[in-house]
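The values are calculated or read from the model by the stated rules, or taken from the named source; none is laboratory data. This one's a predicted model, so the numbers in the text were calculated from it and none came from an experiment. All Cβ positions, even for glycine, are placed from backbone atoms using ideal geometry, and neighbour counts span all protein chains on display. Surface accessibility is based on the protein's heavy atoms, side chains included, excluding ligands, DNA and RNA. Shrake-Rupley method; radii C 1.70, N 1.55, O 1.52, S 1.80 Å.
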Amino acid sequence: QVQLVESGGGLVQPGGSLRLSCAASRRIFRINDMRWYRQAPGKQRDVSQRELVAVITGSGSTNYADSVKGRFTISTNNAKNTVYLQMNSLQPEDTAVYYCNADVVYDADGSSWHGWGQGTQVTVSS
């Protein structure tokens with residue numbers, strides 16, 4: 001009932017920046033929890049291998065993995081039904097497929113949905 005479309009990945013040199021976007025296909029009534037995960041090269045391509053990178057709650061509270069704290073910022077634009085991940089000071093170890101994960105209420109009747117975006121590739125290399 002909700003589709004998440006991710007964009008913004010690409011190739012960047014060490015020290016560079018990217019902003020990832022994850023747009024929902026319909027209006028979000030309330031955010032319970034929105035997250036960004038990543039899956040690095042060399043890891044098995046299944047959900048269990050995805051590393052939690054950043055979290056934002058409906059109240060605006062945020063949490064970050066120690067490896068990205070101070071470099072990455074998660075935010076939302078409720079009018080656009082979109083969550084962002086601003087990534088600064090990127091390093092080769094940040095190379096991964098990044099996935100948006102949403103736990104939201106999408107209508108005033110309390111209908112909820114939880115799921116994943118398709119992923120977007122981020123490559124940090126000279």
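Which strands (runs of 3 or more DSSP E) sit wholly inside region 3-80 and have at least 1 residues that are over 15 Å from the mean Cα position of the chain (by Cα) and under 23 Å from Pro92 (Cα atoms)?
Output list reads 10-12.
Against the condition out of contact with any Cys (no Cβ under 7 Å at 6 or more places or on another chain), among the basic types (Lys, Arg) and farther than 17 Å from Ser112 by Cβ, how does Arg27 come out, does it pass?
No, not satisfied.
Output the number of residues of region 72-90 satisfying the condition of being closer than 18 Å to Gly9 by Cβ and open to solvent by 50 Å² or more (accessible area, probe 1.4 Å).
Total satisfying the criteria: 4.
Quickly run through region 22-40 and pick out the residues that are surrounded by fewer than 19 Cβ atoms within 10 Å (Cβ to Cβ) and touching a Phe, Trp or Tyr at 6+ places or on another chain (Cβ under 8 Å).
Arg26, Arg27, Phe29, listed by residue number.
Name the residue, out of Ala65, Ala54, Ala108, Ala102, that is exposed (fewer than 15 other Cβ atoms within 10 Å of the Cβ) and of a type in the set (A, V, I, L, M).
Ala108
Evaluate region 96-107: report whether one residue or more is at pLDDT below 95 and on the phi > 0 side of the Ramachandran plot.
Checking region 96-107: not a single residue is at pLDDT below 95 and on the phi > 0 side of the Ramachandran plot.
Okay, residues lined up against (1) closer than 11 Å to Tyr98 by Cα; (2) touching an Asp or Glu at 6+ places or on another chain (Cβ under 9 Å); (3) modelled with pLDDT under 95; (4) small (Gly, Ala, Ser):
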position: Leu4; (1), (2), (3), (4): no, no, yes, no
position: Gly9; (1), (2), (3), (4): yes, no, no, yes
position: Ile31; (1), (2), (3), (4): no, yes, yes, no
position: Trp36; (1), (2), (3), (4): yes, no, no, no
position: Leu52; (1), (2), (3), (4): yes, no, no, no
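Does Leu11 satisfy being open to solvent by 60 Å² or more (accessible area, probe 1.4 Å), farther than 30 Å from Gly110 by Cα and not basic (Lys, Arg)?
yes
Would you check if Val124 is of a type in the set (A, V, I, L, M) and touching a Phe, Trp or Tyr at 6+ places or on another chain (Cβ under 8 Å)?
No.
Is it the case that some residue within region 91-98 is part of a strand (DSSP E or B), over 21 Å from Gly10 (Cβ atoms), in contact (Cβ under 8 Å) with a residue 40 or more places away in the chain and among the small types (Gly, Ala, Ser)?
no
Using the structure shown, decide if Lys69 is at pLDDT 95 or above and among the charged types (D, E, K, R).
Working: at pLDDT 95 or above: yes; among the charged types (D, E, K, R): yes.
Yes, satisfied.
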